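Below you'll find the structure, written out as structure tokens, and then a few comments.
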Amino acid sequence: MAAPQQPEHLWRTPEPKRAYDVVIVGGGGHGLATAYYLAKNHGITDVAVLERGWLAGGNMARNTTIIRSNYLWDESAGIYEHALKLWEGLEDDLGYPIQFSQRGVLNLAHSLQDVRDSVRRVNANLLNGIDAEWLEPEQVKEICPILDISPDVRYPVLGATFQSRAGIAKHDYVAWGFARAADALGVDLIQDCEVTGIDVHDGRVTGVQTSRGPIAANRVGLSAAGHSSVLAAMVGLDLPIQSHPLQALVSELLEPVHPTVVMSAAVHVYISQAHKGELVMGAGIDSYNGYGQRGAFHIIERQMAAALELFPVFARAHVLRTWGGIVDVSPDASPIVGLTPIEGLYLNCGWGTGGFKATPGVGWCFAQTVAYGAPHPLNAPFTLERFTTGALVDEHGAAAVAH
Ligand SMILES: Cc1cc2nc3c(=O)[nH]c(=O)nc-3n(C[C@H](O)[C@H](O)[C@H](O)COP(=O)(O)OP(=O)(O)OC[C@H]3O[C@@H](n4cnc5c(N)ncnc54)[C@H](O)[C@@H]3O)c2cc1C
């Protein structure tokens with residue numbers, strides 16, 4: 001899509017009102033998408049998104065933008081595939097260029113067990129109507145010619161799953177697109193406004209305390225990613241969430257060399273090439289808990305070693321930039337989206353290392369959950385209670401290098 005005529009400002013900078021029907025805490029992708037769909041799908045426009053920093057200053061503009069829906073279980077397939085279908089029409093819906101590029105994702109298999117798990121996942125995906133193929137090493141090489149598939153490396157490539165509708169998008173544009181569209185529908189986007197307390201009377205939420213004064217609200221939705229446990233603790237809710245640093249890096253700009261997305265759980269790296277030309281590389285989480293948006297050097301070193309094993313051609317590329325975000329990891333590698341024991345307080349968290357791809361899907365479902373006070377069918381399995389009932393949605397296998 002051609003770049004649209006930009007107004008002077010993409011969104012207003014309003015002073016917070018003293019009361020709203022709905023307050024969404026967190027101006028990342030999920031909070032912005034939720035506000036947009038509250039207004040667009042449900043006509044609920046008396047909404048404020050409260051962001052303690054700047055819009056998309058958290059994980060939203062720090063992630064590596066991989067979008068796919070090839071998860072194992074039906075519950076995950078439902079919500080991630082809903083998101084992928086929304087991605088496919090999002091640029092037109094928002095009227096804003098988001099540079100969604102469906103270049104496919106290869107998930108490499110390096111051991112016999114990897115192969116079995118991958119083939120099982122392809123079959124599960126097909127049963128759920130999600131595009132998926134199993135590829136032999138030579139077919140993998142056809143899709144990504146610079147990948148080393150020789151048998152004499154430490155972890156030879158024995159094949160890969162391929163989802164051709166997967167891809168990448170430009171994360172900051174996605175945030176701006178949602179912000180602009182939500183603002184146009186009347187949502188107030190309030191930056192530099194930290195929520196410091198949540199008011200509850202007789203088991204019902206009545207508003208929030210913020211660094212810019214108290215704000216009353218009939219309903220409050222939490223979409224604070226890495227800070228979800230901190231917010232939930234304000235009302236005495238102890239979430240089964242661990243906050244960890246997650247890092248990524250980019251190389252200098254290169255000519256187009258890497259046509260798809262490649263992920264390897266075994267060597268623990270994933271790589272794509274951004275629209276501008278940087279190689280974008282990510283790894284697993286730093287293993288300690290923390291709220292600093294940075295990570296340890298040895299993780300990057302290992303990630304580079306893993307990348308070179310798969311792509312020796314990158315040996316002379318330079319690292320341009322590294323950074324980190326704070327991800328909210330749940331015990332079963334699946335999100336928590338739904339109701340809380342407090343009436344009118346709703347929770348969206350636990351997306352860990354893989355929530356960017358869900359942005360439109362979770363915004364859509366969480367908006368309906370907040371609008372009706374009951375879970376959307378696609379987020380109904382992702383309750384907080386599942387960690388006591390045992391109805392887990394274990395995506396550790398399909399999440400792996402979880403992006
Ligand atoms: C390095 C890295 C790579 C990743 N790669 C991928 C990937 O390739 N694909 C993928 O699908 N996912 C990926 N992710 C995960 C993805 O970024 C997150 O799951 C997703 O962005 C979380 O939703 P969000 O965008 O709303 O979070 P955020 O953008 O983090 O939004 C939460 C917001 O809440 C705000 N906040 C917190 N506390 C308060 C408070 N008290 N008051 C007001 N505001 C508050 C924060 O400032 C923040 O802006 C990656 C993450 C990282 C860090």
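So G89 passes all but one of these: (1) assigned to a helix (DSSP H, G or I); (2) touching a residue at least 12 places away in the same chain (Cβ under 8 Å); (3) more than 16 Å from the ligand (Cβ to nearest atom). Which condition number does it fail?
Just one mismatch for G89, condition (2).
Looking at L112, L127, L135, L158, which one is more than 30 Å from A19 (Cα to Cα), more than 16 Å from the ligand (Cβ to nearest atom) and free of Cβ contacts under 8 Å to residues at least 12 places away in the same chain?
L127
Mind checking whether some residue in region 103-114 is surrounded by fewer than 16 Cβ atoms within 10 Å (Cβ to Cβ) and within 25 Å of E75 (Cβ to Cβ)?
Yes, the conditions are met somewhere in region 103-114.
Can you name every residue in region 212-231 that is within 13 Å of the ligand (Cβ to nearest atom), of a type outside the set (A, V, I, L, M, F, W, C) and either in contact with a strand residue (DSSP E or B) (Cβ under 6 Å, 6 or more places away or on another chain) or outside any loop (DSSP other than H, G, I, E, B) (or both)?
Those that are within 13 Å of the ligand (Cβ to nearest atom), of a type outside the set (A, V, I, L, M, F, W, C) and either in contact with a strand residue (DSSP E or B) (Cβ under 6 Å, 6 or more places away or on another chain) or outside any loop (DSSP other than H, G, I, E, B) (or both): G221, S223, G226, H227, S228, S229.
Could you please find all residues in region 247-265 being under 22 Å from S118 (Cα atoms) and buried (at least 19 other Cβ atoms within 10 Å of the Cβ)?
Passing the criteria: T260, V261, V262, M263, S264, A265.
Test each condition in (1) surrounded by 18 or more Cβ atoms within 10 Å (Cβ to Cβ); (2) part of a helix (DSSP H, G or I); (3) within 16 Å of the ligand (Cβ to nearest atom); (4) among the basic types (K, R) for R121 and report the one that comes out false.
(3)
Say whether the condition of being in a loop (DSSP other than H, G, I, E, B), at positive phi and surrounded by fewer than 17 Cβ atoms within 10 Å (Cβ to Cβ) is met by at least one residue in region 273-288.
Scanning region 273-288 turns up at least one residue that is in a loop (DSSP other than H, G, I, E, B), at positive phi and surrounded by fewer than 17 Cβ atoms within 10 Å (Cβ to Cβ).
Give just the number: which of (1) in a helix (DSSP H, G or I); (2) without any contact (Cβ under 8 Å) to a residue 24 or more places away in the chain does I79 not satisfy?
If we test I79 against (1) in a helix (DSSP H, G or I); (2) without any contact (Cβ under 8 Å) to a residue 24 or more places away in the chain, just (2) comes out false.
With the checklist (1) modelled with pLDDT of 95 or more; (2) within 24 Å of V257 (Cβ to Cβ); (3) among the acidic types (D, E) in hand, flag the one item D131 doesn't pass.
(2)
If I filter region 308-365 down to residues being of a type in the set (D, E, K, R) and surrounded by fewer than 24 Cβ atoms within 10 Å (Cβ to Cβ), which single residue comes out as nearest to V208 (Cα to Cα)?
Checked region 308-365; the qualifying residue nearest to V208 (Cα to Cα) is E343.
Suppose we filter T64, T45 for residues that are β-branched (V, I, T) and either within 16 Å of the ligand (Cβ to nearest atom) or closer than 29 Å to W323 by Cα (or both); which single one remains?
Sole residue among the options that is β-branched (V, I, T) and either within 16 Å of the ligand (Cβ to nearest atom) or closer than 29 Å to W323 by Cα (or both): T64.
Please work out which one of (1) touching a helix residue (DSSP H, G or I) at 6+ places or on another chain (Cβ under 8 Å); (2) of a type outside the set (K, R); (3) within 27 Å of M234 (Cα to Cα) is the condition E395 fails and give its number.
(3)
The values are calculated or read from the model by the stated rules, or taken from the named source; none is laboratory data. Model, not experiment: these values are computed from the prediction. Cβ sites come from the backbone with ideal geometry, for glycine too, and all protein chains shown count toward neighbours.
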